[in-house]
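Below is one structure, written out as structure tokens; the observations come after it.
The values are calculated or read from the model by the stated rules, or taken from the named source; none is laboratory data. All figures in this text were calculated on a predicted structure; none of them were measured in a lab. Here the Cβ is made from the backbone with ideal geometry for all residues, glycine too, and neighbour counts use every protein chain on show.
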Amino acid sequence: MLNVLEGIFNMIKPIKTRKSYEAVIEQIIDFIRHKKLLPGDKLDSIDILANRFGVSRSVVREALTSLRAMGLIHIVQGEGTFIKDFDAASISIPVTSGLLMKKENVKELFEVRKILEVGAVELAAITRTANDVEKMKLALDAMKENTNSLNEKTDYHFHYEIVKATKNDMLLHLLRSISEIMMETMQDAHMVIFQEEENGNRLIREHELIFESIKKQDPELAKKTMLEHLDGVLALYFPMQ
């Protein structure tokens with residue numbers, strides 16, 4: 001299949017600015033506005049886009065995440081990233097729209113999640129009841145069924161059931177206080193992670209390991225699997241260059 005950017009490759013300008021992902025966004029939006037990219041067109045892989053724009057893979061990921069938040073692209077697991085159907089002439093979205101958290105904010109959120117959820121999963125492995133295990137299993141099953149739609153709500157619900165199993169109302173309140181920003185970040189992370197099918201399978205397996213450790217009432221294993229999961233998602237989101 002001919003790469004969708006092949007015909008406009010000579011129009012791409014290598015990115016040299018400090019905020020490289022914003023320049024990538026600007027060029028892609030410009031291609032859409034001038035109908036060089038049309039609704040339904042499939043974008044190249046992250047590796048190819050990085051090579052074409054002369055930037056790192058993480059820069060392309062940030063750009064795609066922003067474009068998805070703007071509603072300009074959508075991702076289909078196992079198929080790729082596509083331009084959405086809309087009136088290209090009406091696009092006037094500023095790159096610095098503030099729709100997404102900055103990289104530093106995402107990293108800070110994961111630090112908060114590690115402090116909250118690693119401790120919570122340790123406690124949940126001790127305090128959980130059979131009913132709690134059943135609810136976690138239902139949440140896990142729902143997440144497996146909805147991976148194609150990148151449903152951040154099912155992902156969050158699984159983590160919510162873990163904290164709920166601690167029987168600690170303060171922990172549950174703390175989780176609820178960051179629930180909106182958690183789901184926003186999960187949505188963006190899914191967009192990045194599910195670019196590659198093996199990453200999606202890995203994400204499900206990590207949740208299964210967390211569930212199994214809680215079910216076995218093994219607090220040390222629960223801590224280990226949760227920490228590895230959160231660190232792993234962050235590493236996929238912002239890979240080392």
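A few comments on the model shown:
- Residue pairs meeting the criteria (Cβ under 8 Å; at least 6 apart or on separate chains; first outside the structural domain of ASN131 (by TED's automatic domain parsing), in segment 154-172; second surrounded by fewer than 20 Cβ atoms within 10 Å (Cβ to Cβ) and of a type in the set (S, T, N, Q)): none
- Residue in segment 72-90 that is modelled with the lowest pLDDT, counting only those that are surrounded by 13 or more Cβ atoms within 10 Å (Cβ to Cβ) and within 17 Å of GLY200 (Cβ to Cβ): GLN77
- Across segment 91-137, the qualifying residues are those that are assigned to a helix (DSSP H, G or I) and loosely packed, with under 13 Cβ neighbours inside 10 Å, and the one among them that is modelled with the lowest pLDDT is GLU104.
- Qualifying residue in segment 156-165 (condition: surrounded by fewer than 17 Cβ atoms within 10 Å (Cβ to Cβ) and assigned to a helix (DSSP H, G or I)): no
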